[in-house]
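Data block below; observations after.
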Amino acid sequence: MRKQPGWALPNLKEAQKRTKNEVLIEKSIFQISPEMKQLGVGRNYYLRTYGCQANERDGETIAGILEALQFTQVDTPEQADFILLNTCAVRKNAEDKVLGELGSLKRLRKNNPDLLFGMCGCMAQEEEIVNTLLEKYPHVDLIFGTHNIHRLPELLYQAMMSREKTIEVFSKEGEIIENLPVKRFGSHKAWVNIMYGCDKFCTYCIVPYTRGKERSRSMEDILDEIRSLKQENYKEVTLLGQNVNSYGKDLQLEGGFARLLEEVAKIGMERIRFTTSHPWDFTDEMVDIIAKYDNIMPFIHLPVQSGDNDILKTMGRRYTIEEYKQLFDKINQKVKNCAFSTDIIVGFPNETEEQFQRTLDIVDYCQYDNAFTFIYSPREGTPAARMEDNVPFEVKQERLARLNEKANYYAHLKNENYRGKIVKVIVDGPSKKNKDVFSGYTETNKLVNFTAQDVVAGDIIMVEITDVKTWSLNGIQVKK
Ligand code: 5AD
Ligand code: SF4
């Protein structure tokens, strides 16, 4: 399909650029004009979100906007008048899933000719993907990116009224918009964005291109949001950023993330979590604050990616494995009973067996509670995608299997420490199968299935662990 006037298409070269321009924080830019206020009356939407927590949180904003337009959320695409896929681009298999879904959903238009298809999120930021959509998925009516979610009312209005394909993707980040509606999916746990974008440019990663440069929200806006959440009886917040340790650097905020974390802790929210922390700029002040406050949970996601210094260097990770171990030890010593999770990539271009062995060694050293493991996936426009690669795919698969075996062993071993112990659990809700069985999470982020009476989501209760599995614990409520 030829480019139409009025479209704003993604542009990789633009996305690669960084400017020092100050980012405006806009508090009043989001408005719904009168002609759009009824847009969703009598219409249903189905929203499916893929990928990381940043995307999940965007999904909450999108749902908030759609409901401000009076759309009603439904659980199945068959019931919908507007199907929107909020997508992830971090690996090719995530993209393939979305494209498969888009292909199979097309059939629904036969019964509902007015059905509207939309795609947003990180895949929409990719030049290559939008070209594929134009060529092979002509049924997609609306495409918008991660930087213009606030434009959804206008874009949807245009797509619905004109019945013409509408595309608006900004490759460069815009201002931070503070007054967007939100439909939170949880009633006692909430995600709070503290910053957007990423400037780390790890050589394998597409995120800096799909989410723009690092921009921090103002500390006051974040604290106000958390104070309101506390008033609304939320019990847990997770502070979100691609690298939360960078928080405030762009604002020249003294104290940075450590200071923010302390201010959040003082608000008195029962549980505070944060993700993700890059090992490179994890400061001593941060470790001290985590150790000092009981309401900052002793659970750190600390992506290592590889155990080999040459691979780490080629990945652009900015730390050596010795520095990583030092940081890990420091946190372990200062933060009581701290649990750790990590991300690991196997089969980075030209990874040798010895280099992979060093990745197994770091898993032996850290004995992670949980490891998210991936086969390297080349991403268009990233430096690593241009590297020659002599590792056959079968070798990568076999390394992944060996790594998973080790990671699972430690996940189970760590859980064994809980057998017979009494732990604090936040109740998420009853299990679908049995209403006397509930699930929830420990402070160290372990999933627990337990029997209990008279508990509701958001309660924090004591549970005795009676059995352990690799990915969860079983227990019974202990009455005080
Ligand atoms: N291939 C495989 N894994 C990747 N990740 C990011 N980019 C890639 C890629 N191109 C992994 C990293 C990161 C996690 C969110 O996804 O481990 O920490
Ligand atoms: Fe990607 Fe690295 Fe930024 Fe994480 S820190 S989002 S891996 S570029």
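The values are calculated or read from the model by the stated rules, or taken from the named source; none is laboratory data. Remember, it's a predicted structure, so these values are computed and weren't measured experimentally. Here the Cβ is made from the backbone with ideal geometry for all residues, glycine too, and neighbour counts use every protein chain on show. We work out accessible area using only protein heavy atoms, side chains counted, and drop any ligands, DNA or RNA first. Shrake-Rupley method; radii C 1.70, N 1.55, O 1.52, S 1.80 Å.
In table form, for the structure just shown:
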quantity: q = 0.08 Å⁻¹, the chain: log10 I(q)/I(0) [Debye, one scatterer per Cα]; calculated: -0.52
quantity: More than 15 Å apart - percent of Cα-Cα pairs taken over segment 268-337; calculated: 54
quantity: Cα pair distances of segment 294-396 binned at 5 Å [whole percent]; calculated: 2, 12, 22, 23, 17, 11, 7, 4, 2, 0
quantity: For segment 1-104, convex hull volume per residue from C-alpha positions, Å³; calculated: 186
quantity: Beta bridges per DSSP with both ends in the chain, % antiparallel, nearest 5; calculated: 35
quantity: All-pairs alpha carbon distance profile, segment 410-480, 10 Å steps from 0, percent; calculated: 23, 58, 18, 1
quantity: Rounded accessible area of Asp294 (nearest 10 Å², 1.4 Å probe); calculated: 130
quantity: Packing-based order for 236-247, 433-444, 254-265, using average beta carbon neighbours within 10 Å, highest first; calculated: 236-247, 254-265, 433-444
quantity: Fraction of accessible area attributable to carbon and sulfur, the chain (%, probe 1.4 Å); calculated: 48
quantity: The chain - Cys residues lacking any other Cys C-beta under 4.7 Å; calculated: Cys52, Cys88, Cys120, Cys122, Cys198, Cys338, Cys366
quantity: Most positive-pole-ward Cα, Leu400, Met315, Cys198, against dipole of the chain from beta carbon charges; calculated: Leu400
quantity: Shape parameters for segment 176-416, alpha-carbon atoms, Rg then Dmax in Å; calculated: 18.7, 56
quantity: Efficiency of FRET between Gln397 and Glu285 - r from beta-carbon atoms, R0 41 angstrom, step 0.05; calculated: 0.45
quantity: Ratio Rg/Rh, restricted to segment 129-255 and using Cα atoms, in which Rh is the Kirkwood radius; calculated: 1.03
quantity: Residues of segment 37-168: accessible area per residue with a 1.4 Å probe, Å²; calculated: 39
quantity: Residue-wise HN-Hα coupling along segment 423-440, computed from phi with Karplus coefficients 6.51, -1.76, 1.60 (Hz; x: Gly, Pro); calculated: 10, 7, 10, 8, 7, 8, x, x, 6, 5, 7, 9, 6, 8, 9, 10, 10, x
quantity: Å² of accessible area per residue within segment 189-327, as computed with a 1.4 Å probe and no ligands counted; calculated: 35
quantity: Within segment 366-389, backbone nitrogen closer than 13 Å to the virtual label 7 Å beyond the Cα of Leu12 toward Cβ; calculated: 378-387
quantity: Cross-link partners of Lys106 among lysines (Cα-Cα below 29 Å; sequence separation of 8 or more within a chain); calculated: Lys3, Lys37, Lys92, Lys97, Lys136, Lys165, Lys183
quantity: Where only C-alpha atoms are counted, convex hull volume of segment 37-168 per residue in Å³; calculated: 97
quantity: Debye log10 I(q)/I(0) for segment 344-383, one point scatterer per Cα, at q = 0.20, 0.22 Å⁻¹; calculated: -0.69, -0.78
quantity: Cut-off under 5 Å, modelled amide H: who pairs with Ile177 long-range; calculated: Glu26
